[in-house]
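None of the figures in this text is laboratory data; all of them are computed from the coordinates on show. The structure displayed is predicted, hence computed values, not measured ones. Neighbour counts are summed over all protein chains in view; Cβ atoms, including those assigned to glycine, are modelled from backbone coordinates with ideal geometry.
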Ligand code: SF4
């Protein structure tokens, strides 16, 4: 689908595999701004041990008052591999996070699916649930 991207309702129909970028400013590279254990905020999600948050760079929503402007609009972050993302999920599980909390993941859903497959093969628990924000 990335060679004619219709992952979100913008339906840019551009070839991200060829390095083109649509409204979300993403090509085919996986890019994240932050991976951390998120505490206190949203207690029903973060619970006692915290939520395994991954903030993805760029965004398909383009809200003009975004509180994470540097990440969502300027694309702050670094490129990582799918295998590295799988390692991050597993590390968060090891730290006791109650869940994996993916913030603005829509543009990277294919890479995330592949990372989950890898992480699952290495012990990511079935009962682990994903919290997807802003899809
Ligand atoms: S994910 Fe990005 S490139 Fe694909 S349709 Fe949405 S805004 Fe366009």
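Residues being within 30 Å of residue 4 (Cβ to Cβ), within 16 Å of the ligand (Cβ to nearest atom) and touching a residue at least 60 places away in the same chain (Cβ under 8 Å) are represented in region 84-106 by at least one member. Checking each residue in region 7-29 for being surrounded by fewer than 13 Cβ atoms within 10 Å (Cβ to Cβ) and part of a loop (DSSP other than H, G, I, E, B) picks out 9, 11, 13, 19.
For region 38-49, state whether one or more residues are without any contact (Cβ under 8 Å) to a residue 60 or more places away in the chain and either closer than 28 Å to residue 5 by Cα or within 16 Å of the ligand (Cβ to nearest atom) (or both). Taking every residue of region 38-49 in turn, none turns out to be without any contact (Cβ under 8 Å) to a residue 60 or more places away in the chain and either closer than 28 Å to residue 5 by Cα or within 16 Å of the ligand (Cβ to nearest atom) (or both).
Here residue 107 meets the list (1) outside any loop (DSSP other than H, G, I, E, B); (2) surrounded by 19 or more Cβ atoms within 10 Å (Cβ to Cβ); (3) in contact with a helix residue (DSSP H, G or I) (Cβ under 6 Å, 6 or more places away or on another chain) almost entirely, failing just condition (3).
I'd like the residue in region 52-71 that is within 18 Å of residue 112 (Cα to Cα) and either out of contact with any strand residue (DSSP E or B) (no Cβ under 8 Å at 6 or more places or on another chain) or in a loop (DSSP other than H, G, I, E, B) (or both) and, out of all such residues, is nearest to the ligand (Cβ to nearest atom). Among them, the one singled out is 60.
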